[in-house]
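Engineer: Mind looking over this structure? Questions follow.
The values are calculated or read from the model by the stated rules, or taken from the named source; none is laboratory data. Here the structure is a predicted model, which means the values were calculated and not measured. No Cβ is skipped: glycine too gets one built from the backbone with ideal geometry, and neighbour counts run over all protein chains shown.
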Amino acid sequence: MIAPLTSETQVALFLDNNTSPVAELAGCFGFSDDGPNSLFPAIPSAGILSSFYLLHPRADGQPRHWKNYNDPTLPSCPPFNPDPAVDGGPGCMIKDLGPRPAPTDPPARWGLEAQVSDLGDMIQSQFQPGNFLEWYFGTGRTHLDFQFGRDSSSLGDESLLAVTQNANVNVPVLCIGGSDGLAPTEASFADLASIATPAADKQIFIAEGYAHLDVLTARNNVAVPHIVSWMSQLLQRRLLGTP
C-alpha cells in the first residue's frame, strides 16, 4: 500500500539516501518518521548498493511529512533501533557505518552518516538556470563522458570499462567523494594512479558521512575549504615556479 505523502515528501523520497535506491541521485536531506517504515535490503547484483526505507501509511490516514536535514528531532541510532521490524518504530537515519577501511581494502562505506543538504535549496535549484542535475543527467552527459577516453568494445560487456587515455592526462586533479556515497575511499579513485599528472597536483578528499550528491548540495560544505586550499597551493606553486 502506498502511503499518502505531502508534495515535499514525494520529492524527498526520490532524492534522500535513506529512501531512494538510486545512489547516483542521493543526498542527505532529512527523514520522515511520522509513520511506520520498513527496511528494503541492499541487492548489489541489481545495482541497489545499500538498504533503504519504504514509507507506509499513518494510522490516522494523514499524509506523511518530511523533516529537513537540520530538524533537531531526526531519529538517530541509538536510541532508535535501525530495524523497524524489531520494535515497530519508524527506523532511523543517522547511523554509524563503522571504521574507515584500510588503504588496501576494497571501497566500502564508513563513518557516521551526516545530514547536510537542504531539501528546499534542492527544489529551488530545479527552477534556476544553473540546474546541475538536469544538465548532467537529463542531457545524457554521463554517457558522453564514458565515450571519451574509455573503450569497452573488446570486453564484450559494456558495464566493464577499460581506461585507455589516462597516460595522456596531465592536468591538476582533485577528487572528492563521500564516505556514504559511490566513492567512499581513496581506492574508489584507483584510475588516478596511471595518469601523468605529477603527484603534487593529484589530491583526494573524502567527506565523512556525505552521500553522493552532498559534495555539491551540502550547506556549510566541508569540501569547500579543501577546494580553496588546494587551489591556493596550485596557484602558489605556479607563481613561485616550484613543483
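Engineer: Scan the range 152-169 and give yes if some residue there is among the charged types (D, E, K, R), at pLDDT below 85 and assigned to a loop (DSSP other than H, G, I, E, B), otherwise no.
Structural biologist: yes
Engineer: Can you name the condition, by its number, that GLN236 falls short on among (1) outside any loop (DSSP other than H, G, I, E, B); (2) surrounded by 12 or more Cβ atoms within 10 Å (Cβ to Cβ)?
Structural biologist: (2)
Engineer: Could you tell me which numbered condition PHE146 fails, if it satisfies all but one of (1) modelled with pLDDT under 85; (2) closer than 23 Å to PRO106 by Cβ; (3) in a loop (DSSP other than H, G, I, E, B)?
Structural biologist: The failed condition is (3).
Engineer: Still on this structure, I have one more. So in the range 58-86, with the set limited to residues that are of a type in the set (Gly, Ala, Ser) and part of a loop (DSSP other than H, G, I, E, B), which one is modelled with the highest pLDDT?
Structural biologist: Looking at residues that are of a type in the set (Gly, Ala, Ser) and part of a loop (DSSP other than H, G, I, E, B), I get GLY61.
Engineer: Now a separate question. Name the residues in the range 113-123 that are in a helix (DSSP H, G or I) and either modelled with pLDDT of 90 or more or out of contact with any Leu (no Cβ under 7 Å at 6 or more places or on another chain) (or both), would you?
Structural biologist: Result: LEU119, GLY120, ASP121, ILE123.
Engineer: Another question, then. Among the residues of the range 17-53 satisfying the criterion of being without any contact (Cβ under 8 Å) to a residue 24 or more places away in the chain and either in contact with an Asp or Glu (Cβ under 9 Å, 6 or more places away or on another chain) or not in a loop (DSSP other than H, G, I, E, B) (or both), which is surrounded by the most Cβ atoms within 10 Å (Cβ to Cβ)?
Structural biologist: Checking each candidate, the answer is PHE40.
Engineer: Scan the range 223-243 and report the pairs whose first residue is in contact (Cβ under 8 Å) with a residue 12 or more places away in the chain and whose second residue is surrounded by 10 or more Cβ atoms within 10 Å (Cβ to Cβ) and assigned to a helix (DSSP H, G or I), with Cβ atoms within less than 6 Å and a gap of 6+ or a chain change.
Structural biologist: Cβ pairs passing all conditions: ALA223/VAL215.
Engineer: How about the range 88-112: which of its residues are over 16 Å from LEU182 (Cα atoms), in a loop (DSSP other than H, G, I, E, B) and out of contact with any Asp or Glu (no Cβ under 6 Å at 6 or more places or on another chain)?
Structural biologist: Once the filter is applied, which keeps residues that are over 16 Å from LEU182 (Cα atoms), in a loop (DSSP other than H, G, I, E, B) and out of contact with any Asp or Glu (no Cβ under 6 Å at 6 or more places or on another chain), the range 88-112 yields GLY88, GLY89, GLY91, CYS92, MET93, GLY98, PRO99, ALA102, PRO103, THR104.
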